[in-house]
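Notes follow once the structure below has been shown.
The values are calculated or read from the model by the stated rules, or taken from the named source; none is laboratory data. The shown structure was predicted, so the numbers you read here are calculated from the model rather than taken from an experiment. Neighbour counts are summed over all protein chains in view; Cβ atoms, including those assigned to glycine, are modelled from backbone coordinates with ideal geometry. The protein model used for the area step is the full one, side chains on, heavy atoms only, and it has no ligands, DNA or RNA in it. Shrake-Rupley method; radii C 1.70, N 1.55, O 1.52, S 1.80 Å.
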Amino acid sequence: MVSTIRVPKTKRARREVLKHAPKLVETGKKTLILHGTKTSAVLNSVLSDIYHLKRDNAVKYTKKNDNIRPFESGGESSLEFFSLKTDCSLIVYGSHSKKRPNNLILGRTYDHHIYDLVEVGVENYKSMESYVYDKKLAPKLGSKPFFAFIGEHFESSEELKHLKEVLLDLFRGEIIENLNLAGVDRIYVCTAISPTTVYMMHCALRLKRSGTSIPRMELVEVGPSMDLVVRRHRLPVESLKKEAMKTAEHAKKMKNVTKDPVQGKLGKVYMPDQQVGKLTLSNDIKGLKRERREAKKNKEQSKKQKVNPE
């Protein structure tokens, strides 16, 4: 069997290939927001608020989906299809039933396959519209948030450990190296009330004078806020986790090698001092052999001339 590799011929096709190529540093992940067969008014407001917080990097579908059951065998195929279609690696799926009211499923994908899932129930919910505050304090679109995880259960409970990872992936945005403190205008405060319950609230940061170079921060709650009760969670398969955790190998730095925009790759080679006087010359040198052959030939010619004088 011979496998063929298709090389993109147009510039547009090459741009698409580079867009989906693996990178050393991940960019901001897109979030897909979906509705289940049945949703409540509370859950609709929750999904709308999440979309509002991530509207710069999110896709929301309002059509109801009947055949999505992520925790059942084969029920995740529709989620993987929507993930591939929208190029989203984070999934927020809301559904409502008598057995699981106000149910919210947070999931991550790798290579458009379900990586892990966390199912939580939403309780004591307050929407963003219910808070009254100075609108000048409203967080700006695309700003970087702080995260505060309070409580020992985030270290001892496996469910909350997993929920913490998913929440960080969902709301943190792009990974950056340098941060301007003036551009940080929001914080997510997550408090572990019990081994399965987290109180989450979203606050704006107000910077005030403190008499030092570091300003004093005040929190102004801007919503939403809710209790997240972990119901079910599914950890990634070990083989898929190992594949997803692979990192690109950094090229080894070569000594004494530089790159020039004109001459290209340049290198320095260090050679020891050559002591020519101590070199031993043998009789097998090609140059000497040639001289001996020429001397022998001249000697034979001189003998012939002596034997056959004119």
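What to note about this one:
- Within the option set V166, V122, being assigned to a helix (DSSP H, G or I) and β-branched (V, I, T) holds for one residue only, V166.
- Restricted to strands (runs of 3 or more DSSP E) entirely inside the stretch 21-109, those with at least 2 residues that are touching a residue at least 24 places away in the same chain (Cβ under 8 Å) and open to solvent by 20 Å² or more (accessible area, probe 1.4 Å) are 58-64.
- Candidates in the stretch 182-223 are the residues that are under 18 Å from E165 (Cβ atoms) and among the aliphatic types (A, V, I, L, M); of these, the one that is surrounded by the most Cβ atoms within 10 Å (Cβ to Cβ) is V198.
- Residue match in the stretch 188-203 (condition: outside any strand (DSSP E or B) and closer than 17 Å to D49 by Cα): no
- Every pair of residues 6+ apart whose Cβ atoms lie under 7 Å, when the first sits in the stretch 177-200 and is under 22 Å from K135 (Cβ atoms) while the second is among the basic types (K, R): G183/K144; V184/K144; D185/K140
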